[in-house]
Structure formats: structure tokens, C-alpha cells
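Encoded as C-alpha cells, the structure appears first; notes follow it.
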Amino acid sequence: MIVLSPDSLNEIYARHLDWYPAIANPQSAPEFIDGLADIMGQFDLVLLDSYGVLCRGSTPIDGAPEAIQQLRANNIPFCVVSNDTLTNRSVAAEKYQARGFDFSAVEVLTSLDITEQYLSTLTKRDHIAVIAPLEHPSNHLLEGMIRLNGCNGEIPEGIDTLLFLTGAGWTAKMQENLVSTANGRQFELVVGNPDIGAPHGDHVTATPGYFIADLVEQTIQTAKPTLFGKPGRSIFSMAIEQHQITDPSRVLMVGDTLYTDILGGNAMGFKTLLLQCGVYQNQDIEEVISSTGISPHYIAPGL
């Protein structure tokens, strides 16, 4: 497990801005509110990040289950939009129910759902190496690929595409071997979870976005990665299509990370709400916004 500080997290994101949509900030400074209840009535759809918004690890964040019930009571549609690549929507609802959230499958959309769409189109797989534990929900779609977790991170000859699916089970030694065997080679890069880090308990741990950034920086990869999660457009587009949204300004994206939730939501034309209970917990939020150059429409301490 690699633990990151909020400062290092933002520094890595900032070094790779060309991977993400262009910054499109609101015209006015963010408005500080008490929580989602203050503004939910303005929207036809509320999109919610998971880690740092609803829960930290497997623990619900105070007030989050109650906020979901308020959305239901006001008949406001919502969807959890998560960069989770360990669960797709068919099983994610059960996971959230165990955490105290009564979600149905149609109320959850993960970057694994988007990644599985890509995997289902492949006709040839033996040129792809994937970072994912050997037991994974998408195993039926990963058949024929080289499983780097089973190779201790070493990339065999004949591989021209690297799929960074999930960091579960990925070690510092595997990352070292990945970098060593990638030196002098160029790859097509695909990432299911673009997050650099995610909050777990009282710290932030490295996720696939970190591993791909480390590879690119150490081996001078020239390909721009394909992103299947936030802040890429695919996951947002699927969410609004499924809810038949025609006016993006009537969508609210709620998140805890400026470079994924807020940057991605702003680029889609959504309104954005940044919560302070996630990766920026105990940080000076105005200073973080100033240093990143990314600004939300609203800021609240929690959901």
C-alpha cells in the first residue's frame, strides 16, 4: 500500500493535466452551503461520487445516508458515479446496502461498467497486459490477456497495450518490475480508474492513476491514456443518457476531488459541489482551489 499526502496527490494530477478535459470553471467564486439539502431542488439529476462523499473505505460518512433519504423524499433522481473497478453496477448495489445505503442497481454506475463495454468489443487480447487481481468480476472479459499480477509486474515481450484496471493486490515491487520491463518500450495506455488516490480511513492510498502516472514519468511514455472513469466524459455521458437529461446545467455533480469530480463535472456543463469530508479533509479548501486552479460552484463540509 502506498500512502499519499493531499499535496502530492494534487501535484501528480497537475503534472498530467493534458490527460483530462480542459478546465472550465464557474464565472463566480464558489458559494459555501451547509449541505445538499440547500440546493437539491434546483436539479433534475444529482450525481454522487462514492469514496469521500458517501463513505471512507467501507464506513459511511456521517450524514450521507440521511442525505440520500432526503433526495428520495423530494423525488430527485440520483446516481452514484464511481471510479470503482472492483464492482460493476450489477453487484455494487449489494455492497452499498451493506454500508447502509438502499441503492438499486440503476442508481449506481462505475468505471468498471464503462471498461467492460470496451473489453466486450475486443477481438484480440493476447497483446494486452492488465493490472488486476487474478480473481476479478471481469475475468470472463480478461481471458487471453497477460495478468501482470501473476507475473510479479513484469511485462512480457509482444505486449503493446497496458490496461490499469485496479490496484487491489498491486505492490511496490510489482510497480518497480513494471517500470523496469517497460523501459525502452512504448505502449497504448488504458485506465479503468484514473484516480491518483482514494481516501481510506484517515489516509489516502494510491490507486491506478498513480501507477500509470509513475510509469509514464519513469519510462517517458508518449501515448495519452484512454480514461474510462472520471474526469473522462464516458461515464458522465452514460449517466445523463440513462436519465434522459437534455440540459446539463440541471445536473449537479457532488465530489471530494477537484481533478476528477469537479473538473469533469464542470467540463460537462454540470453544476458542481465540492465536499470537504474526503481527500481534502482538514485542508484549507480555498488554498487548495487556488493552487489547483479548479473551482466548484458550491462547497459544503459534507453531504
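The values are calculated or read from the model by the stated rules, or taken from the named source; none is laboratory data. Just so you know, these numbers come straight off a predicted model, no measurement behind them. All Cβ positions, even for glycine, are placed from backbone atoms using ideal geometry, and neighbour counts span all protein chains on display.
Can you tell me which residues in region 39-53 are of a type in the set (A, V, I, L, M) and within 14 Å of the chain's Cα centre (by Cα)? Quick ask: steps written out before the conclusion?
Quick first cut of region 39-53, residues of a type in the set (A, V, I, L, M) only: 39-40, 45-48, 53.
Residues satisfying the conditions are L47, L48, V53.
Yes or no, residue by residue, for (1) at pLDDT 95 or above; (2) in contact with a helix residue (DSSP H, G or I) (Cβ under 6 Å, 6 or more places away or on another chain):
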| position | (1), (2) |
| --- | --- |
| G169 | no, yes |
| T181 | yes, no |
| Q186 | yes, no |
| P194 | no, yes |
| G201 | no, no |
| T207 | no, no |
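State all residues of region 150-183 that are within 22 Å of T87 (Cβ to Cβ), of a type in the set (G, A, S) and either buried (at least 19 other Cβ atoms within 10 Å of the Cβ) or touching a residue at least 60 places away in the same chain (Cβ under 8 Å) (or both); if no residue qualifies, say none.
Within region 150-183, G167, A168 qualify.
Here is a check on your reading of the model: is E94 without any contact (Cβ under 8 Å) to a residue 40 or more places away in the chain, within 22 Å of A132 (Cβ to Cβ), surrounded by 15 or more Cβ atoms within 10 Å (Cβ to Cβ) and out of contact with any Cys (no Cβ under 9 Å at 6 or more places or on another chain)? Before you say what the answer is, go through the steps one by one.
Values: without any contact (Cβ under 8 Å) to a residue 40 or more places away in the chain: yes; within 22 Å of A132 (Cβ to Cβ): yes; surrounded by 15 or more Cβ atoms within 10 Å (Cβ to Cβ): no; out of contact with any Cys (no Cβ under 9 Å at 6 or more places or on another chain): yes.
No, not satisfied.
When A300 is evaluated against the numbered criteria (1) within 12 Å of the chain's Cα centre (by Cα); (2) more than 19 Å from A24 (Cβ to Cβ); (3) at pLDDT 95 or above, which criterion, by number, is the only one it fails?
(1)
Considering only residues that are under 30 Å from L189 (Cβ atoms) and in a helix (DSSP H, G or I), which ones fall in region 106-120? Spell out the reasoning first.
Keep residues of region 106-120 that are under 30 Å from L189 (Cβ atoms), which gives 108-120.
If the condition is that a residue be under 30 Å from L189 (Cβ atoms) and in a helix (DSSP H, G or I), then S111, L112, D113, I114, T115, E116, Q117, Y118, L119, S120 are the ones that fit.
Select, from F236, F228, the only residue that is of a type in the set (F, W, Y), at pLDDT 95 or above and either farther than 17 Å from D113 by Cβ or surrounded by 23 or more Cβ atoms within 10 Å (Cβ to Cβ) (or both). Full working, then the answer.
Details: F228 fails: at pLDDT 95 or above.
Only one candidate passes the filter, namely F236.
Out of the residues in region 246-291 meeting the condition of being of a type in the set (S, T, Y) and surrounded by fewer than 18 Cβ atoms within 10 Å (Cβ to Cβ), tell me which one is farthest from L227 (Cα to Cα).
Taking region 246-291 as the starting set, the residues that turn out to be of a type in the set (S, T, Y) are 246, 249, 257, 259-260, 272, 280, 290-291.
With the extra rule that they be surrounded by fewer than 18 Cβ atoms within 10 Å (Cβ to Cβ), the set shrinks to 246, 249, 290-291.
Numbers: T246: 24, S249: 23, S290: 26, S291: 24 Å.
Only one residue tops the list, namely S290.
Hey, could you check region 2-33 for residues that are of a type in the set (D, E) and modelled with pLDDT under 95 and say which is surrounded by the fewest Cβ atoms within 10 Å (Cβ to Cβ)?
To start, the set of residues in region 2-33 that are of a type in the set (D, E) comprises 7, 11, 18, 31.
Pick out the ones that are also modelled with pLDDT under 95 and you get 7, 11, 18.
Numbers: D7: 11, E11: 14, D18: 7.
Step by step, filter region 2-33, then rank; the result is D18.
Under the condition of being closer than 22 Å to I262 by Cα and without any contact (Cβ under 8 Å) to a residue 60 or more places away in the chain, which residue from region 69-81 is surrounded by the most Cβ atoms within 10 Å (Cβ to Cβ)? Break it down into steps so the answer makes sense when it comes.
Taking region 69-81 first, the residues closer than 22 Å to I262 by Cα are 71, 76-81.
If we keep only those that are without any contact (Cβ under 8 Å) to a residue 60 or more places away in the chain as well, we get 71, 76, 78, 80.
Values: L71: 19, I76: 17, F78: 22, V80: 25.
Looking at residues that are closer than 22 Å to I262 by Cα and without any contact (Cβ under 8 Å) to a residue 60 or more places away in the chain, I get V80.
Testing L189 on (1) touching a residue at least 40 places away in the same chain (Cβ under 8 Å); (2) closer than 22 Å to L263 by Cα; (3) aliphatic (A, V, I, L, M), one condition comes back false. Which one is that?
Condition not satisfied by L189: (1).
Restricting to region 266-291, give me the number of residues that are in a helix (DSSP H, G or I) and either hydroxyl-bearing (S, T, Y) or within 16 Å of I114 (Cβ to Cβ) (or both). Spell out how you get there, then give the answer.
Step one: of region 266-291, the residues in a helix (DSSP H, G or I) are 266-267, 285-291.
Checking which are either hydroxyl-bearing (S, T, Y) or within 16 Å of I114 (Cβ to Cβ) (or both) leaves us with 290-291.
Residues meeting the conditions: 2.
Taking the condition in contact with a strand residue (DSSP E or B) (Cβ under 6 Å, 6 or more places away or on another chain), touching a residue at least 12 places away in the same chain (Cβ under 8 Å), farther than 18 Å from A22 by Cβ and not assigned by TED's automatic domain parsing to the domain that holds T171, does I212 pass? Steps first, please.
Working: in contact with a strand residue (DSSP E or B) (Cβ under 6 Å, 6 or more places away or on another chain): yes; touching a residue at least 12 places away in the same chain (Cβ under 8 Å): yes; farther than 18 Å from A22 by Cβ: yes; not assigned by TED's automatic domain parsing to the domain that holds T171: no.
When the stated conditions are applied, I212 does not pass them.
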